[in-house]
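Student: Quick one: structure below, then a few questions.
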Amino acid sequence: MAPDLLKFFRGSAASPQAASAAKGAARTQRSSSGLKEFSKSIGPESPKVILDLGPTSPTNLMRLTGMGHKVYNEDLLMGSLDSRYQVKGADGRLELSPTEFFKDSLVFEEGALDAVLAWDVPDYLPESLVKPMVDRLHRALKPGGVLLGFFHTREAGPEAPYHRYHITGSETLNI
Amino acid sequence: MWKSTPGTESKPISTPTTTPSMGSTPPPRPSIDPVRSKEFASEMAHIGKSVLIRGELSGSEDLYLDGEVEGNISLLEHNLTIGPNGRIRANVTAKDVVVHGKVDGNIQGYERVELKKSAVLTGDVSTQRIVIEDGAFFKGAIDIRKEGRSESKREMAAAAAAGHSGGMSAQRSLVETKFEPKG
């Protein structure tokens, strides 16, 4: 996705206030063909190792662990707001340090994951973290592993809300 | 150190207004009230929010922990509740674990782990059943163990202690290896 498009999403609706506003909104249900394919891939046949990058969703954790999978949860966006990862930049102002951030985030061995639920987190994550995040996920996923990601297909504007996605069926989501 | 003190628990709430005379009549013996005794038995030890403990914390009764602990917590047959003011930098092993506060470390709940809406957990969870309230923050792994595995609780506790990582770290794999399903 073009960086110019991404800037509309970053640093605005991704604020905690916007996130909490979205949290308080009524949930809506929708079907997702991407989730359908994801569900097929993880299947019930054998336990998989799955990473959820979204905000902590009890629904997702309970559902996936109930299916026998092992689940990791890392709320990357919330993590990126942690002041521990702020360092002084050249102009003396505090800025997010990808180096510091990734000391604590996405620490996985190569090929440790079967699947990743990335949702639309890359659209909202600070831009300096996106490429390293993709690199790390690529390394952590097993060959043939799957990643579910949602991307805005048009400019959603600075007020585009940040959603939590709750898996309610093999192809249905509560948002 | 943190065990409840039965003497203080069974004291009457009201204080006597007259001083009992010495030697004339013996002080009344507390009668054994089965209902009261049962209540007492179910009470748990309590660590207040101003308490800081560094090191190994173990016990043989249920514990409510609202203070700060750095090290390891082991209550093999008993329940642990981490209060809203609880700040734990430790691996935790207990039968049931309920978290209201903040934990940096791995949690082994032999039967159940419950993360309340105010819970902030950075670390891995291994248990048979898990309950997570909406609003809880969790960063780590959840591994649901099938009931009736062959590992003894002591082996599991040893594994948890060996894998103390203070949350997400490369040592995580050590803990996971110990709990791989058998058969």
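Student: Sort out which residues of region A:146-174 are open to solvent by less than 30 Å² (accessible area, probe 1.4 Å), aliphatic (A, V, I, L, M) and either within 20 Å of A:ALA115 (Cβ to Cβ) or over 17 Å from the mean Cα position of the chain (by Cα) (or both), and write them in order of number.
Tutor: A:LEU148, A:ILE167, A:LEU173
Student: Can you give me the ranges of the strands (runs of 3 or more DSSP E) entirely in region A:24-83 with at least 2 residues that are open to solvent by less than 10 Å² (accessible area, probe 1.4 Å) and within 13 Å of another protein chain (Cβ to nearest Cβ)?
Tutor: Per the criteria, A:49-52, A:70-73.
Student: Further question: Taking A:PHE108 as the residue in question, decide whether it is within 14 Å of chain B (Cβ to nearest Cβ), within 28 Å of B:LYS146 (Cα to Cα) and either part of a helix (DSSP H, G or I) or touching a Lys or Arg at 6+ places or on another chain (Cβ under 8 Å) (or both). Spell out how you get there, then give the answer.
Tutor: Values: within 14 Å of chain B (Cβ to nearest Cβ): yes; within 28 Å of B:LYS146 (Cα to Cα): yes; either part of a helix (DSSP H, G or I) or touching a Lys or Arg at 6+ places or on another chain (Cβ under 8 Å) (or both): yes.
Against the criterion (within 14 Å of chain B (Cβ to nearest Cβ), within 28 Å of B:LYS146 (Cα to Cα) and either part of a helix (DSSP H, G or I) or touching a Lys or Arg at 6+ places or on another chain (Cβ under 8 Å) (or both)), A:PHE108 qualifies.
Student: While we're looking at this one, here's another question. Name every residue in region A:116-139 that is over 11 Å from the mean Cα position of the chain (by Cα) and crowded, with 21+ Cβ neighbours inside 10 Å, in order of residue number.
Tutor: Residue satisfying the conditions is A:LEU129 alone.
Student: Let me ask another. Inside region A:79-116, can you point out the residues that are of a type in the set (A, V, I, L, M, F, W, C) and touching a strand residue (DSSP E or B) at 6+ places or on another chain (Cβ under 7 Å)? It would help to see each step written out before you state the result.
Tutor: Of region A:79-116, the ones of a type in the set (A, V, I, L, M, F, W, C) are A:81, A:87, A:90, A:94, A:96, A:101-102, A:106-108, A:112-113, A:115-116.
Selection gives A:VAL87, A:LEU94, A:LEU96, A:ALA112, A:LEU113, A:ALA115, A:VAL116.
Student: So is A:PRO143 open to solvent by 30 Å² or more (accessible area, probe 1.4 Å), out of contact with any Lys or Arg (no Cβ under 6 Å at 6 or more places or on another chain) and farther than 24 Å from B:GLY135 by Cβ or not? Outline the logic, then answer.
Tutor: Numbers: open to solvent by 30 Å² or more (accessible area, probe 1.4 Å): yes; out of contact with any Lys or Arg (no Cβ under 6 Å at 6 or more places or on another chain): yes; farther than 24 Å from B:GLY135 by Cβ: yes.
Yes: the conditions hold for A:PRO143.
Student: Continuing with the same structure: Anything in region B:95-140 that is assigned to a strand (DSSP E or B) and of a type in the set (Asp, Glu)? List them, or say none. Steps first, please.
Tutor: Initial filter on region B:95-140 (assigned to a strand (DSSP E or B)): B:95-99, B:102-104, B:107-115, B:120-122, B:125-132, B:137-140.
Answer for region B:95-140, where residues must be assigned to a strand (DSSP E or B) and of a type in the set (Asp, Glu): B:ASP96, B:ASP104, B:GLU111, B:GLU114.
Student: Give region B:73-91 a look and list any residue that's assigned to a strand (DSSP E or B) and either polar (S, T, N, Q) or open to solvent by less than 30 Å² (accessible area, probe 1.4 Å) (or both), or say none.
Tutor: Here is the first cut: in region B:73-91, the residues assigned to a strand (DSSP E or B) are B:73-75, B:80-82, B:87-91.
Of everything in region B:73-91, those that are assigned to a strand (DSSP E or B) and either polar (S, T, N, Q) or open to solvent by less than 30 Å² (accessible area, probe 1.4 Å) (or both) turn out to be B:ILE73, B:SER74, B:LEU75, B:LEU80, B:THR81, B:ILE82, B:ILE88, B:ALA90, B:ASN91.
The values are calculated or read from the model by the stated rules, or taken from the named source; none is laboratory data. What you are looking at is a predicted structure, and each value in this text was computed from that prediction instead of being measured. Cβ: placed from backbone, ideal geometry, glycine included. Neighbour counts: every protein chain shown. Please note that ligands, DNA and RNA were not included when accessible areas were found on the heavy atoms of the full protein model with its side chains. Shrake-Rupley method; radii C 1.70, N 1.55, O 1.52, S 1.80 Å.
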